Amino acid sequence: MLFRSLVDEFQDTNATQYKFLRELVRDHSNLCVVGDDDQSIYRWRGADVRNIRGFRRDYPGATVVKLEQNYRSSKRIVAAALGVIARSSEREPKELWTANDDGVPVHIVAARDERDEAAFVVEAVKRARAEGVDPKEMAVFYRIHAQSRVLEEALRSAKVPYQIIGGMKFYDRAEVKDALAYLRVLVNPASDVDLARIVNVPARGIGQTTVERLTAWATANDTSLFDALARVEEVGDLGAPAKKKLTAFRELLGSLSKRVQTDSPSELLAAVLESTAYIATLKKEDTAEADARVENLEELVGSVQDYEAEAEAAGEALSLAGFLERVTLVSDVDSMEEGGKVTLMTVHGAKGLEFERVVLTGMEEEMFPYKGFDPGERDELEEERRLAYVAITRARKELVMTHTQMRQIFGTTRWNRPSRFLGELPPGSFEHVATRAMGAERPRFIDRAVEHEREPVQRPWRHPQAAAPAPDPGERYVDHEFFDDRSEHDQEVTEMRLRRGARVRHDRFGEGQVLSVVSVGEPAVVAFFPGWGEKKILARFLKPA
């Protein structure tokens, strides 16, 4: 018998039942065991794994032992999991149950967007820590790796230590490093490290031997690799094919360099990914890993767009160098406050693990279940359902499932519908709540750094076809009671000073708190915005909160 599922459920958490199962296998050579995690059906004799229908057909006299008791989760979590998995058309009918307490309801949290969601996650982690929960007992799940970027940035801005299991931090991923290396070479062609990284990425037939010979020649002639590319004819030990490929690479970089002064950073990154055929090459691979790398690159475009919004709000000129500096200044996790680290991981990576508290993010259609499957492709939807079941049953005491009204991901913004899996949770197992940003009559952010209140949803969800109501005509950004007007010669405000600690609201960053006043040629402040961190903002872009 293969014990993949059984070891997960019983070897560590319930030694008595695990021993019982081992004895069953020893005494019954023709045995089928149906585990309560519903992952697969396993049979004795050989390593062949079949689903239960095939097993019953091949072994009509087999004894079936259903493992229906869950030893991990509260009754409400088990009920929620059963509500999702019970709709599986391929599932062996089982009635899961647990002897554990009812526990608190599963919280379905409606958030305004991915930043509001991330700010809620930060406060959920902080609240759990304040209640004495070990950070190692807290986990944040997401369906795909690209979702981690905003969550990581929110945790870093709040100096909350975290670790990613089964993957790398967003800016440490190979494809992200490759794209950033291209951008760094465009800003600083003398960066030999970055150029050496991308000279054959994606593969363009420039082998390691060619690179080593070019590097040796550049060193001997006291020049950079970039300049050496323009002098490949002088490199005696390079063949004609190698010289031709190096020259073509140099011309590619040259054409991109011409756009640095004219294109926005996001436009330039898009040009790099297109002209180098990086994304096209990955798409040709047609594998799940390649698809994930494409998503990460598209999410990097979203990161550049965030930088552009921040620069505009601060009254700063957009520049590729400015974006690269932003990436460089991302805080290292090692510099965060001491203590345990909360775990971030994909749902795939969560199999076999368990935590006291779990936040399952991105519960929206085309996010979870994930996009890409056709309505008729039942197998893919069944796999998404099993993944949802696994994610839910990783929680022992508390489970939170979040969904957003809109989400910027892969460099685009889209309106969302809650995941169908949320609608399958049975009554009595959950409580539907909303962030104040989502629950307000006019959707807006609030400062979750102080208190991320959750308000009951007063109206049923409807898919919005238009943005939130626009501000009233003539609404001003300056409130004379909010700002200190120190002008002596004019009715208009010529110099304004925000009070430290004042509450402000920005259309993109939401609601925050003023930390300090700065001078950039016009009134501006440094303010903390939950989910975004500290931002420098021109006063004309702010409203009193």
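The values are calculated or read from the model by the stated rules, or taken from the named source; none is laboratory data. Predicted model only: the values in this text are computed from it and were never measured. Glycine gets a Cβ as well: all are built from the backbone with ideal geometry, and neighbour counts include every protein chain shown. The accessibility values were calculated without ligands, DNA or RNA, using every heavy atom of the protein model including side chains. Shrake-Rupley method; radii C 1.70, N 1.55, O 1.52, S 1.80 Å.
Results for (1) at pLDDT 95 or above; (2) in contact with a helix residue (DSSP H, G or I) (Cβ under 6 Å, 6 or more places away or on another chain); (3) surrounded by fewer than 20 Cβ atoms within 10 Å (Cβ to Cβ), shown as yes or no for each residue.
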{"position": "A271", "(1), (2), (3)": "yes, no, yes"}
{"position": "A309", "(1), (2), (3)": "no, no, yes"}
{"position": "A314", "(1), (2), (3)": "no, no, yes"}
{"position": "L320", "(1), (2), (3)": "no, yes, no"}
{"position": "D334", "(1), (2), (3)": "no, no, yes"}
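For the range 154-185, the set of residues classified as part of a helix (DSSP H, G or I) and among the small types (G, A, S) consists of A154, S157, A174, A179, A181, listed by residue number.
Working only within the range 350-369, note down all residues that are assigned to a strand (DSSP E or B) and either of a type in the set (V, I, T) or within 20 Å of Q163 (Cβ to Cβ) (or both).
Of the residues in the range 350-369, the ones assigned to a strand (DSSP E or B) are 355-360, 364, 366-367.
Of everything in the range 350-369, those that are assigned to a strand (DSSP E or B) and either of a type in the set (V, I, T) or within 20 Å of Q163 (Cβ to Cβ) (or both) turn out to be F355, E356, R357, V358, V359, L360.
Here L297, L344, L282 are screened, and the one residue that is at pLDDT 90 or above, touching a helix residue (DSSP H, G or I) at 6+ places or on another chain (Cβ under 9 Å), closer than 29 Å to A158 by Cβ and in a helix (DSSP H, G or I) is L297. Of all the criteria given as (1) within 34 Å of the chain's Cα centre (by Cα); (2) surrounded by 17 or more Cβ atoms within 10 Å (Cβ to Cβ), the one not satisfied by V193 is (2). Here is the figure for the range 510-531: residues that are in contact with a helix residue (DSSP H, G or I) (Cβ under 7 Å, 6 or more places away or on another chain) and at pLDDT 85 or above total 2. Does at least one position in the range 120-127 carry a residue that is buried (at least 22 other Cβ atoms within 10 Å of the Cβ), assigned to a strand (DSSP E or B) and touching a Phe, Trp or Tyr at 6+ places or on another chain (Cβ under 9 Å)? The answer is no; no qualifying residue exists.
When the residues of the range 507-526 are narrowed to those that are under 20 Å from R326 (Cβ atoms) and open to solvent by less than 20 Å² (accessible area, probe 1.4 Å), which ends up nearest to the chain's Cα centre (by Cα)? Give the derivation first.
Of the range 507-526, the ones under 20 Å from R326 (Cβ atoms) are 508-510, 512, 515-516, 518, 520, 524-526.
In the following step, the residues that additionally are open to solvent by less than 20 Å² (accessible area, probe 1.4 Å) were identified as 509-510, 512, 524-525.
Working: F509: 18, G510: 20, G512: 23, A524: 31, V525: 29 Å.
This residue is F509.
Could you please let me know if V201 is in contact (Cβ under 8 Å) with a residue 24 or more places away in the chain, open to solvent by 20 Å² or more (accessible area, probe 1.4 Å), among the hydrophobic types (A, V, I, L, M, F, W, C) and within 14 Å of L252 (Cα to Cα)?
Working: in contact (Cβ under 8 Å) with a residue 24 or more places away in the chain: yes; open to solvent by 20 Å² or more (accessible area, probe 1.4 Å): yes; among the hydrophobic types (A, V, I, L, M, F, W, C): yes; within 14 Å of L252 (Cα to Cα): yes.
It is true that V201 is in contact (Cβ under 8 Å) with a residue 24 or more places away in the chain, open to solvent by 20 Å² or more (accessible area, probe 1.4 Å), among the hydrophobic types (A, V, I, L, M, F, W, C) and within 14 Å of L252 (Cα to Cα).
Looking at the range 254-274, can you tell me whether even one residue there is without any contact (Cβ under 8 Å) to a residue 24 or more places away in the chain and farther than 22 Å from A321 by Cα? Step through it out loud before you land on a result.
Here is the first cut: in the range 254-274, the residues without any contact (Cβ under 8 Å) to a residue 24 or more places away in the chain are 254-255, 258-259, 261-263, 267, 271, 274.
Now narrow it down to the ones that are farther than 22 Å from A321 by Cα: none.
No, there is no match, as no residue in the range 254-274 is without any contact (Cβ under 8 Å) to a residue 24 or more places away in the chain and farther than 22 Å from A321 by Cα.
A count restricted to the range 527-545 and to residues that are more than 14 Å from E312 (Cβ to Cβ) and surrounded by fewer than 17 Cβ atoms within 10 Å (Cβ to Cβ) stands at 2. Selection of first residues in the range 385-413 that are small (G, A, S) and of second residues that are part of a strand (DSSP E or B) and buried (at least 24 other Cβ atoms within 10 Å of the Cβ), restricted to Cβ pairs under 6 Å at least 6 apart or on distinct chains, gives the following pairs, ordered by first then second residue: A391/F141; A391/L360; A395/V358.
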